[in-house]
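Only one structure is covered here, and it is reproduced in the block below.
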Amino acid sequence: MVLCPVPCVVGLDEPPVVPNFLNELWAMGWAPVRVNAYETPWAGARCAEGVVKGIEEGGLDALVFTSSAEVEGLLKSLKEFGLVFEDVRRRCPRLIVAAHGPVTAAGAERLGVKVDVLKM
């Protein structure tokens, strides 16, 4: 048996990284015990307010994501403002999207956000 303290995602879809990890442990003959150690909540409908302001002012140069839940949260909030990520790219053509790690980059791409810079 192996104790697996992991996040409990609230208000967003759980990214596949934790379920995949637990399934891999099962496949290797381990008995993982999932323990929700902390919450990763959606920050709410207004969490993209700074991004929207940056778009309107033309000063948004980069977005940096450290988890795919952050990407999903931003997309969900943008929708509250009547926007999709393609609107952000169109209005900010020099925008750089960075992801911390290949799991975050893959999650962003899965959600339709092209990553320009991958930090390992």
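The values are calculated or read from the model by the stated rules, or taken from the named source; none is laboratory data. Here the structure is a predicted model, which is why all the values come from computation and not from measurement. In this analysis, Cβ positions are derived from the backbone assuming ideal geometry, glycine residues included, and neighbour counts consider all displayed protein chains.
Take the conditions (1) modelled with pLDDT under 95; (2) surrounded by fewer than 12 Cβ atoms within 10 Å (Cβ to Cβ); (3) out of contact with any helix residue (DSSP H, G or I) (no Cβ under 7 Å at 6 or more places or on another chain); ASP13 misses just one of them, which is (3).
The residues in region 45-87 that are within 16 Å of the chain's Cα centre (by Cα) and crowded, with 18+ Cβ neighbours inside 10 Å can be counted, and the count is 17.
Selection of first residues in region 39-54 that are assigned by TED's automatic domain parsing to the domain that holds LYS76 and of second residues that are surrounded by fewer than 14 Cβ atoms within 10 Å (Cβ to Cβ) and in a loop (DSSP other than H, G, I, E, B), restricted to Cβ pairs under 9 Å at least 6 apart or on distinct chains, gives the following pairs, ordered by first then second residue: LYS53/GLY59; GLY54/ASP61.
Of all residue pairs spaced 6 or more apart or on separate chains, those with beta-carbon atoms under 9 Å, a first member in region 96-115 that is touching a residue at least 40 places away in the same chain (Cβ under 8 Å) and a second member that is surrounded by fewer than 14 Cβ atoms within 10 Å (Cβ to Cβ) and in a loop (DSSP other than H, G, I, E, B) are ALA108/LYS114.
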